[in-house]
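Visitor: A single structure is presented below for examination.
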Amino acid sequence: MRQLIVRRLLQTVPLLFFVSVVCFFMIKLAPGDPVLSFVTPNMHAEDIERVRHNLGLDKPAYIQYFIWLKELLQGNFGYSLTNHQPVLDQILERLPATAGLMGSAIALAVLLAIPLGLLAGANRNRWVDKLINFISYIGISVPLFWLAILMIYLFAIKLHWLPSMGMRTIGVESTADVIKHGVLPCTVLAFGFLTSYVRYIRSSTIGQLKEEYVQIQYAFGASKTTVLFRHVMKHVLLPVITLLGMSMGDLVAGAIVTETVFSWPGIGSLGMTAVRGMDYPVIMGITLFSSLMLIIGNLAADILYSFVDPRIKLTR
Amino acid sequence: MRKRLTGFIGVILLTLLVSACSGGNNAAPAASNAPAESQQPADNGAPKDGGNLIIGVAADPVILNPNYAGDRVSLTIDQALYAPLFQVNNGKKTFYLADSLTPSADNLTYTLKLKSGLTWHDGEKLTADDVVFTINSILDEKQNSLLRSNLIIGDKPIQAVKVDDLTVEFKLPQVAPAFEATLVQISPIPKHIFENEADIEKSPKNNTPVGSGPFKFKEYKTGEYLTLERFDNYFGGKPHLDSVTYRIAKDTNSANLALQNGEINVKYLDPQDVATFQATNNFEILPYSEGRLAYLLFNANSDRGALAKKEVREALSLALSRDELIQTAYTSGDYAEPAKSFVTPDGLFFTNDVTSYDNDAAKAKELLDKAGVSNLKLRFITTSGNKVQEAVSLYVQQKLKAIGVDVELQSVDASAYSKRFTDKDAKDFELALAGYIMGYDPDAYRILYSSTGNSNYSHYNNPEVDKLFEAGAGEADTAKRGEIYKKAQEIVAEDAPIYPIAYTKTIVAVSKQYGGIEEAVLKPVVIFEDLSKIYLK
């Protein structure tokens, strides 16, 4: 077991290397020039070239990559090309906001998705199922930014229940205040996650209901509710572990659209600005960070699996 | 395992694709009646002290150091943090840190006198040493300052020499009346803070800026807001407001909702949103000239060659109607004045009384025939997601079709657009929409219209204009200088290297709770020139 975990962890190194190469060269292939995002029209050509040289952007792309890699191996994520602040500091500064928002949205989505998915699966093709399906389809079809604007309009402008934007009231430092600001973005994001989770759990429930143990429980006279929430749910929770493992990447990558609409100071909006300015050290930092989390999340899911369901053996 | 690999690649693809979906600000909700502001006290005229002002900005500031600030948000915040030496409005100087600026008889030395008793926000004295230090760090090649090129006159740097604590002499390598316009852009940075920094641009000290403006730095929550508080020793008198907060709101629609909701008090508006805010009666809607020209670029360097001919550019211009273009782009003439000259109305020696080609399709066809050009096909690049550019490009396509010119629209994302537009060797497009703000001294336009200019994107080449720009840069006599630039404006207008569309206005909404807007002076890019004058009614 331990050997296996070590091997899986070692596998992440070439994987991350591969991710970084692909990411780096795709940025370099994109049309655009990072220098253009901060030069002014009245700068002389030689001044622009000097800035380009000072930033090392006049070197061939593969050399730039190796310089970046060499620094990374020494623990240096580099500096942003636009504001010249260390990349790692910027990511760590925004990490709590994103992890808090995404964490609570995912948790909320899972908590709601389990009963909804179970109900839909158990009542397949009946009105409960159709209603839940209908809501899921809305969730999949509606663009989140539109839903977000609608919710702001209703809850902030019309009802005055909640603030429309930001993570804090200006100058206020309290957890309650942050939670109040987080309600709307968290709900919008949870709705986005919820719909796919529900579909997942629903189909898993339908599969489980055909299993023999369900028939046996019924034969022993167990009620429908007992079967569903005591026995079937345990089995349905297994794929939820995978879902959560896969969400670990989201946890640090953030949600670009939702964070932007709600002015939530997370990694998603940092990434958005970086992509616009072709600020590759920042883009690389965020990509590596979220890839690493995704890999670790998957590994953790696999390990948990083997504990929860002894039939599943960890193999390579 | 294999399946998850697609997940990783998905992450990478997403980071790259995001820019493609940016700027998709569709579907604004129909806001019918917004709630009334909670307080609407009677305006008794006298400015009161206290209160906070929240200004909505669209991004985080890039760097709060005037030697490096090039983006709108940093420049806006710097305007409150760092006092300038002096400012110029409609040709009139307003002195801030400076007391006077006097050119010598030969116009090669400018003597700057500082006001006495100036201090930085941390209480240190602000003296001639700081001014000299600022100039020298801008000129230092290792420091990457954006302003460096402005201090180089004819290949030689200017020199700043301290005479005494309150006096600095600037020595120019040659006569250059535009030097005053250069000084307007410079705000001193504190020597005692940055003296020993090897790389000022990367210095963590930029995160807690120390300036000399009406408000001093208080706190910055990245991605959320930045707050400044009153600087009691401001030389222009104690500011009225206790604090000013810049709230970062990247999404236009939600920022507009926050403005309605009173979570933001000052914000730029798009023309199409004006009616909504006017209806609430809670806001002063203030359109003001931005000193910006919006124009259609003709790339004479394209491999199809056609636009190198003056007659063709003239014909294309004649096919368009300026008034219709303004309607298309800015919804009404309230937010844009028809433009004919390449100089903006705030510029010295501006004249709109120049040749203009406008709205004459018959003559346009005639000109094309005379030039022997037929079946002309042009490529028009636009920024995807930019609604104004999309609307205008469709209009241009339709109008040019009427004179037998085919226009192919190429919509590209913002960074690709700016790369193609600013690439001086670009031969793969003929038309593009752009705009510029060049400041009030006409020498600034040299880089755009002289044949060797750095930003001569239309590849305009007229030796006579080159000579006029050369002469204007070194002419100390104002009357003669005026003649030179008026002539240049006429020649360029006649040659039509661009089609000037409009001098655009910025629209700012300010909550009616605040007064003193006139005294604070609305200014292009930075909104308020002097925030110390704003007060809560």
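The values are calculated or read from the model by the stated rules, or taken from the named source; none is laboratory data. Small disclaimer: the values here were computed from a predicted structure and weren't measured. With ideal geometry, Cβ positions are generated from the backbone for all residues, glycine too; neighbour counts draw on all protein chains shown.
Visitor: Restricting to the range A:252-269, count the residues that are more than 7 Å from chain B (Cβ to nearest Cβ), outside any loop (DSSP other than H, G, I, E, B) and of a type outside the set (Ser, Thr, Tyr).
Guide: 5
Visitor: Can we say B:Asp346 is touching a residue at least 60 places away in the same chain (Cβ under 8 Å) and part of a loop (DSSP other than H, G, I, E, B)?
Guide: Yes; evaluated as a whole, the condition is true for this residue.
Visitor: Specify which of the listed residues (B:Ile491, B:Ile507, B:Ile484, B:Ile447) is within 30 Å of B:Leu259 (Cβ to Cβ) and either touching a Leu at 6+ places or on another chain (Cβ under 9 Å) or part of a helix (DSSP H, G or I) (or both). Full working, then the answer.
Guide: Numbers: B:Ile491 fails: within 30 Å of B:Leu259 (Cβ to Cβ); B:Ile484 fails: within 30 Å of B:Leu259 (Cβ to Cβ); B:Ile447 fails: within 30 Å of B:Leu259 (Cβ to Cβ).
After ruling out the rest, the residue left standing is B:Ile507.
Visitor: Another question, then. Which ones in the range A:126-164 are of a type in the set (S, T, N, Q), touching a Leu at 6+ places or on another chain (Cβ under 6 Å) and more than 10 Å from chain B (Cβ to nearest Cβ)?
Guide: Just the residues of the range A:126-164 that are of a type in the set (S, T, N, Q), to begin with: A:133, A:136, A:141, A:164.
Subsequent filtering for residues that are touching a Leu at 6+ places or on another chain (Cβ under 6 Å) retains A:164.
None - no residue of the range A:126-164 is of a type in the set (S, T, N, Q), touching a Leu at 6+ places or on another chain (Cβ under 6 Å) and more than 10 Å from chain B (Cβ to nearest Cβ), so the list stays empty.
Yes/no matrix, rows are residues, columns are (1) within 30 Å of B:Ala444 (Cα to Cα); (2) surrounded by fewer than 21 Cβ atoms within 10 Å (Cβ to Cβ); (3) in the same structural domain as B:Asp334 (by TED's automatic domain parsing); (4) over 24 Å from the mean Cα position of the chain (by Cα):
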| position | (1), (2), (3), (4) |
| --- | --- |
| B:Thr245 | no, no, no, no |
| B:Ala249 | no, no, no, no |
| B:Leu259 | no, no, no, no |
| B:Ile264 | no, no, no, no |
| B:Leu269 | yes, no, no, no |
| B:Ala279 | no, yes, no, yes |
| B:Ile285 | no, yes, no, no |
| B:Val312 | yes, no, yes, yes |
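Visitor: Considering only residues of the range A:27-79 that are part of a loop (DSSP other than H, G, I, E, B) and of a type in the set (D, E, K, R), which is nearest to the other protein chains (Cβ to nearest Cβ)?
Guide: Kept after step one, since they are part of a loop (DSSP other than H, G, I, E, B), are these residues of the range A:27-79: A:30-33, A:38-44, A:55-60, A:74-78.
Applying the additional criterion that residues be of a type in the set (D, E, K, R) yields A:33, A:58-59.
Numbers: A:Asp33: 5, A:Asp58: 14, A:Lys59: 17 Å.
Checking each candidate, the answer is A:Asp33.
Visitor: Tell me which residues, restricted to the range A:212-253, are acidic (Asp, Glu) and either surrounded by 17 or more Cβ atoms within 10 Å (Cβ to Cβ) or under 30 Å from A:Leu92 (Cα atoms) (or both).
Guide: Going through the range A:212-253, the residues acidic (Asp, Glu) turn out to be A:212, A:250.
Answer for the range A:212-253, where residues must be acidic (Asp, Glu) and either surrounded by 17 or more Cβ atoms within 10 Å (Cβ to Cβ) or under 30 Å from A:Leu92 (Cα atoms) (or both): just A:Asp250.
Visitor: How many residues does the range B:397-440 hold that are among the charged types (D, E, K, R) and within 11 Å of another protein chain (Cβ to nearest Cβ)? Can you show your working first?
Guide: Of all residues in the range B:397-440, those among the charged types (D, E, K, R) come to B:399, B:401, B:406, B:408, B:413, B:419-420, B:423-425, B:427-428, B:430.
Restricting the remaining residues to those that are within 11 Å of another protein chain (Cβ to nearest Cβ) gives B:413, B:419-420, B:423-424.
Within the range B:397-440, residues that are among the charged types (D, E, K, R) and within 11 Å of another protein chain (Cβ to nearest Cβ) number 5.
Visitor: Kindly list the number of the only condition in (1) crowded, with 20+ Cβ neighbours inside 10 Å; (2) more than 10 Å from chain B (Cβ to nearest Cβ); (3) farther than 30 Å from B:Val57 by Cα; (4) small (Gly, Ala, Ser) that fails for A:Ala300.
Guide: It fails just one condition, (1).
Visitor: Within the range A:190-206, is there a residue that is among the β-branched types (Val, Ile, Thr), in contact (Cβ under 8 Å) with a residue 60 or more places away in the chain and in contact with a Phe, Trp or Tyr (Cβ under 7 Å, 6 or more places away or on another chain)?
Guide: We begin by selecting, within the range A:190-206, every residue among the β-branched types (Val, Ile, Thr); these are A:195, A:198, A:201, A:205-206.
From what is left, the residues that are in contact (Cβ under 8 Å) with a residue 60 or more places away in the chain are A:195, A:198, A:201, A:205-206.
Still in the running and in contact with a Phe, Trp or Tyr (Cβ under 7 Å, 6 or more places away or on another chain): none.
Within the range A:190-206, not a single residue is among the β-branched types (Val, Ile, Thr), in contact (Cβ under 8 Å) with a residue 60 or more places away in the chain and in contact with a Phe, Trp or Tyr (Cβ under 7 Å, 6 or more places away or on another chain).
Visitor: Next question, about the same structure. Looking at B:Asn386, is it surrounded by fewer than 18 Cβ atoms within 10 Å (Cβ to Cβ), closer than 24 Å to B:Asp303 by Cα and in contact with a Gly (Cβ under 8 Å, 6 or more places away or on another chain)?
Guide: Working: surrounded by fewer than 18 Cβ atoms within 10 Å (Cβ to Cβ): yes; closer than 24 Å to B:Asp303 by Cα: no; in contact with a Gly (Cβ under 8 Å, 6 or more places away or on another chain): yes.
Taking the combined requirement at face value, the residue does not satisfy it.
Visitor: Which residues, counting only those in the range B:73-112, are charged (D, E, K, R) and crowded, with 18+ Cβ neighbours inside 10 Å? Let's see the steps before the verdict.
Guide: If we filter the range B:73-112 for residues that are charged (D, E, K, R), which is where we start, we get B:78, B:92-93, B:99, B:106.
Listed by number, the list holds a single entry, B:Asp78.
Visitor: For the range A:292-305, check the following and say yes or no: at least one residue is touching a residue at least 12 places away in the same chain (Cβ under 8 Å), of a type in the set (Asp, Glu) and touching a Leu at 6+ places or on another chain (Cβ under 8 Å). Give the derivation first.
Guide: Residues of the range A:292-305 touching a residue at least 12 places away in the same chain (Cβ under 8 Å): A:292-305.
Within this subset, residues satisfying the condition of being of a type in the set (Asp, Glu) are A:302.
Still in the running and touching a Leu at 6+ places or on another chain (Cβ under 8 Å): A:302.
Scanning the range A:292-305 turns up at least one residue that is touching a residue at least 12 places away in the same chain (Cβ under 8 Å), of a type in the set (Asp, Glu) and touching a Leu at 6+ places or on another chain (Cβ under 8 Å).
Visitor: Can you tell me how many residues in the range B:129-188 are closer than 22 Å to B:Lys92 by Cα and assigned to a loop (DSSP other than H, G, I, E, B)?
Guide: 8
Visitor: Looking at the range B:319-343 only, could you name the residues that are more than 20 Å from B:Ile437 (Cα to Cα), part of a helix (DSSP H, G or I) and small (Gly, Ala, Ser)?
Guide: Scanning the range B:319-343 gives a single hit, B:Ala319.
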